[in-house]
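Novice: What follows is a structure written as structure tokens; I'll ask about it next.
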Amino acid sequence: MSKIGIYPGSFDPITYGHLDIIQRSLSVVDELIIAVSNNKSKNHLITIDDRLNLINQSILSLPEKDLSKIKVEKFDNLLVHYVKSKNASLIIRGLRAVSDFEYEFLMTGMNRSIDKDIETIFLMSSEKYHFISSRFIKEIHKLGGDISKSVPKPVLDFLSKI
């Protein structure tokens with residue numbers, strides 16, 4: 001039986017930090033589902049369909065052997081329900097700083113209170129990506145700053161048009 005992991009997030013937009021976590025997750029799971037949140041209460045810069053497309057384009061930069069292990073899907077229900085619906089039992093989360101840990105620690109506890117069979121693992125961001133966040137990317141882009149070292153080319157090209 002293969003180990004299926006879920007890497008959830010809004011990916012608004014996907015960054016090099018996300019790609020780093022995606023690639024490193026593949027050493028832990030046999031199959032990785034990048035689960036893109038379609039939370040309508042959030043004010044996303046990029047539509048869900050465009051985010052899915054940008055992720056699919058951006059993961060093409062990963063080694064070809066890894067691509068067959070990755071699926072990209074949207075979800076709009078409770079994460080633990082989505083995880084179960086995919087016959088998965090592992091949630092993967094990336095951490096950059098202590099502030100990320102506090103939020104993720106509480107979320108993990110809540111998820112375990114709903115379903116004790118679902119585990120969460122945390123992967124620390126690689127040092128060269130620990131400062132990157134989608135929120136910062138959007139703000140820097142909006143103010144005309146250079147984000148080329150933080151996002152893959154498909155994202156850079158997309159954002160240059162909006």
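The values are calculated or read from the model by the stated rules, or taken from the named source; none is laboratory data. All figures in this text were calculated on a predicted structure; none of them were measured in a lab. No Cβ is skipped: glycine too gets one built from the backbone with ideal geometry, and neighbour counts run over all protein chains shown.
Novice: Name every residue in the range 79-89 that is surrounded by 18 or more Cβ atoms within 10 Å (Cβ to Cβ) and either more than 14 Å from the chain's Cα centre (by Cα) or charged (D, E, K, R) (or both), in order of residue number.
Specialist: Initial filter on the range 79-89 (surrounded by 18 or more Cβ atoms within 10 Å (Cβ to Cβ)): 79-80, 82-83, 88.
Within the range 79-89, 80, 82, 83, 88 qualify.
Novice: (1) under 18 Å from the mean Cα position of the chain (by Cα); (2) farther than 16 Å from residue 14 by Cα: which one isn't true of residue 136, the others all being true?
Specialist: Here residue 136 clears every test but (2).
Novice: How many of the residues in the range 133-147 are within 21 Å of residue 62 (Cα to Cα) and buried (at least 18 other Cβ atoms within 10 Å of the Cβ)? Walk me through it before giving the result.
Specialist: Of all residues in the range 133-147, those within 21 Å of residue 62 (Cα to Cα) come to 133-134, 147.
Filter once more, so that each one left must be buried (at least 18 other Cβ atoms within 10 Å of the Cβ): 134, 147.
The number of residues fulfilling the criteria is 2.
Novice: Could you please find all residues in the range 54-69 being in contact (Cβ under 8 Å) with a residue 24 or more places away in the chain and either in contact with a Gly (Cβ under 6 Å, 6 or more places away or on another chain) or assigned to a helix (DSSP H, G or I) (or both)?
Specialist: Scanning the range 54-69 gives 54, 55, 57, 58, 59, 61, 66.
Novice: Now, a different point. Quick one: which residue in 132, 92 is touching a helix residue (DSSP H, G or I) at 6+ places or on another chain (Cβ under 8 Å) and in a loop (DSSP other than H, G, I, E, B)?
Specialist: Details: 92 fails: in a loop (DSSP other than H, G, I, E, B).
The unique qualifying residue is 132.
Novice: Filter the range 54-78 for residues that are in contact with a helix residue (DSSP H, G or I) (Cβ under 8 Å, 6 or more places away or on another chain), surrounded by fewer than 18 Cβ atoms within 10 Å (Cβ to Cβ) and closer than 16 Å to residue 155 by Cα and give the result.
Specialist: Listed by number, the residues that qualify are 57, 60, 61, 62.
Novice: So which of 28, 72, 80 ends up being part of a helix (DSSP H, G or I) and within 17 Å of residue 3 (Cα to Cα)?
Specialist: Going through 28, 72, 80 in turn, the sole match is 80.
Novice: Suppose the filter is part of a loop (DSSP other than H, G, I, E, B) and modelled with pLDDT of 95 or more; does residue 35 pass it? Break it down stepwise before answering.
Specialist: On the way: part of a loop (DSSP other than H, G, I, E, B): no; modelled with pLDDT of 95 or more: yes.
No.
Novice: Related question: Specify which of the listed residues (41, 89, 25, 2) is on the phi < 0 side of the Ramachandran plot and modelled with pLDDT of 95 or more. It would help to see each step written out before you state the result.
Specialist: Numbers: 41 fails: modelled with pLDDT of 95 or more; 89 fails: modelled with pLDDT of 95 or more; 2 fails: modelled with pLDDT of 95 or more.
On inspection, the qualifying residue turns out to be 25.
Novice: Name every residue in the range 113-132 that is surrounded by fewer than 17 Cβ atoms within 10 Å (Cβ to Cβ) and either more than 24 Å from residue 92 (Cα to Cα) or modelled with pLDDT under 95 (or both), in order of residue number.
Specialist: First, the residues of the range 113-132 that are surrounded by fewer than 17 Cβ atoms within 10 Å (Cβ to Cβ): 113-117, 119, 121-122, 124, 126-128, 130-131.
Of everything in the range 113-132, those that are surrounded by fewer than 17 Cβ atoms within 10 Å (Cβ to Cβ) and either more than 24 Å from residue 92 (Cα to Cα) or modelled with pLDDT under 95 (or both) turn out to be 124, 126, 127, 128, 130, 131.
Novice: List the pairs whose first member sits in the range 146-160 and is in contact (Cβ under 8 Å) with a residue 24 or more places away in the chain and under 10 Å from residue 15 (Cα atoms), whose second member is of a type in the set (A, V, I, L, M, F, W, C) and in a loop (DSSP other than H, G, I, E, B), and whose Cβ atoms are under 8 Å apart, counting only residues at least 6 apart or on separate chains?
Specialist: Hits for this filter: 150/132; 151/14; 152/14; 155/14.
Novice: Right, another one. Based on this model, can you work out whether residue 150 counts as modelled with pLDDT of 95 or more, of a type in the set (Gly, Ala, Ser) and surrounded by fewer than 16 Cβ atoms within 10 Å (Cβ to Cβ)?
Specialist: Values: modelled with pLDDT of 95 or more: yes; of a type in the set (Gly, Ala, Ser): yes; surrounded by fewer than 16 Cβ atoms within 10 Å (Cβ to Cβ): no.
No, not satisfied.
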